[in-house]
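Asks: To start, I am sharing the structure in question, which I have written as structure tokens.
Nothing in this text is a laboratory measurement; each read-out follows from the coordinates by a stated rule. All values derive from a computational prediction rather than experimental measurement. Note: ideal-geometry Cβ built from the backbone for every residue, glycine included; neighbour counts use all protein chains shown.
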Amino acid sequence: MWVLLATEVLMFGVLFLSYTVYRYWYPQAFSSASAQLDLTLGAINTGVLLTSSLTMALAVRAMSLQLRKQALWLLALTALLGCVFLFIKAYSWHTEYTEHLVPLRWLTTDYSDIGGDAARIFFNIYFVMTGLHAVHLTIAVVLVILMGIYVLRSSRPTTSARRVKMLGLYWHFVDIIWIFLFPLLYLL
Amino acid sequence: MTMTARTYVLTYVALILLLTATVWSHSFELGAWNSLINIGIAIAKGLLIALIYMELARAISLIRIFSLIGLSWMAILFTLSLADYFTR
């Protein structure tokens, strides 16, 4: 699983590099563009993911102690918190859409009072990074639900405990990515 | 370190406090220090999650070495790329 996570670091790493270079080149535009984002929602989302990491860690622990019912509740809570995050993210994307900040070719965009093309670059990076993160989180939520069904029907406690633990590593990784995304995108 | 439920909950409290600190520091205009504080806090949070939730603190050395692969690659990526971009 750690090797898989290394490949994920590869994927996100280049995006972080992109961000670093463009931010170095256009600090003002990046700063004004970042101010357009809803900081409160971003902070709440961070809190939601941190809580989900707690419930996931407790689920892994419950599995290792063979407390299956507790583990199932905690996995359900983890998936639910993941969904809450995705819902809030979708809502903020929608807000940015109505404010004409989405840099898609067929949409009208208005970056005139925040820095023009450099601000457009910020929003490109913002949507790609949060979008890619959301894809990862969606996959994680689906896997948690499937894992829950598997645990419910499994008669092999050691194997299922190990599998939940591996899924936990993936979940925590998705959380760590957001922990870096939040300050870089929202707290400029 | 034994990973009791208490350890996990205490780590969670620390993570929330760090989140509060980073958002709170955003209301102060400290120039370049803002970014430094934010990234520092992000690294602290990342370490807490990696060491406690991902149980690296009590993993065998082999696992710990593998956990460093991604970061090592990123270090090379950033060093070579930024050496190019920042100097010309």
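Asks: I'd like to know how the range A:104-188 sits against the 2.2 N^0.38 Å rule of thumb: what's its Cα Rg over that expected value?
Replies: Working: Rg = 19.0 Å, N = 85, 2.2 N^0.38 = 11.9 Å.
Expressed relative to 2.2 N^0.38 Å, the Cα Rg reads 1.60.
Asks: Additional query: Choose one of A:A33, A:W73, A:G116: the residue whose Cα lies farthest towards the positive end of the charge dipole of the range A:21-122 (beta-carbon charges +1 Lys, Arg; -1 Asp, Glu; about the Cα centre).
Replies: Of the listed residues, the answer is A:W73.
Asks: Also, quick follow-up: What average number of partner chain Cβ atoms lie no more than 10 Å from the Cβ of the residues making up A:21-34?
Replies: On the way: counts 6, 1, 1, 3, 2, 0, 1, 0, 0, 0, 0, 0, 0, 0.
Counting other chains' Cβ atoms within 10 Å and averaging over A:21-34 gives 1.
Asks: Then there's this: Among A:Y97, B:Y53, which comes first, then next, by fewest other beta-carbon atoms within 10 Å? Working shown, then result.
Replies: Numbers: A:Y97 12, B:Y53 27.
Lowest to highest Cβ neighbour count: A:Y97, B:Y53.
Asks: Related question: Would you work out the charge dipole size for chain A about its Cα centre, treating the Cβ of every Lys and Arg as +1 and the Cβ of every Asp and Glu as -1, and quote it to the nearest 20 debye?
Replies: 1220
Asks: What list do you get for A:V164, A:V3, A:V21 if you sort them by fewest beta carbons within 10 Å? Each step should come with its number before you reach the end.
Replies: Numbers: A:V164 25, A:V3 11, A:V21 15.
Ranking A:V164, A:V3, A:V21 by Cβ neighbours within 10 Å, fewest first, gives A:V3, A:V21, A:V164.
Asks: Further question on the same structure: Quick one: P(r) of the range A:43-101 from all Cα-Cα pairs, 10 Å bins, percents rounded to integers, in order of increasing distance.
Replies: 25, 36, 22, 11, 5, 0
Asks: Can you tell me the relative contact order of chain A? Whole percent, Cα pairs under 8 Å, sequence separation 6 or more.
Replies: Working: 181 pairs, mean separation 67.6, N = 188.
The normalised contact order for chain A reaches 36 percent.
Asks: Contour minus end-to-end for B:L68 and B:A32, with contour as 0.36 nm per residue of separation and end-to-end as the Cα-Cα distance?
Replies: On the way: separation 36, 0.36 × 36 = 12.96 nm, distance 2.82 nm.
The span from B:L68 to B:A32 would gain 10.1 nm if fully extended.
Asks: Given A:A62, B:S67, A:T95, which one lies farthest toward the positive end of the charge dipole of the protein assembly as shown, if we put +1 on the Cβ of every Lys and Arg and -1 on the Cβ of every Asp and Glu?
Replies: Among A:A62, B:S67, A:T95, the one farthest towards the positive end of the dipole of the protein assembly as shown is A:A62.
Asks: Okay, moving on. Take every residue in peptide A:168-174, count the Cβ atoms of other chains within 10 Å of its Cβ, and give the average of those counts. Let's see the in-between values first.
Replies: Details: counts 3, 6, 1, 2, 7, 4, 0.
What the average comes to for A:168-174 is 3.
Asks: Averaged over peptide B:30-39, how many Cβ atoms belonging to another chain are found within 10 Å of each residue's Cβ?
Replies: Values: counts 0, 0, 0, 0, 3, 6, 0, 2, 7, 4.
Rounded to a whole number, the mean comes out at 2.
Asks: D for the range A:38-141, whole µm²/s, Stokes-Einstein with Kirkwood Rh over alpha-carbon pairs at 10 °C and 1.306 mPa s: what number?
Replies: On the way: Rh = 15.5 Å.
Answer from the Stokes-Einstein relation: 102 µm²/s.
Asks: Across every pair of different alpha-carbon atoms, what Kirkwood hydrodynamic radius in Å does the protein assembly as shown reach?
Replies: 19.7
Asks: Can you pull a Stokes-Einstein diffusion coefficient for chain B at 10 °C (1.306 mPa s), Rh from Kirkwood over Cα pairs, as a whole number of µm²/s?
Replies: Values: Rh = 15.4 Å.
The calculation lands on 103 µm²/s.
Asks: Which angle between 0 and 90 degrees, to the nearest 10, do you get for helix A:157-186 versus the longest principal axis of chain A when only C-alpha atoms count?
Replies: Approximately 20 degrees, to the nearest 10.
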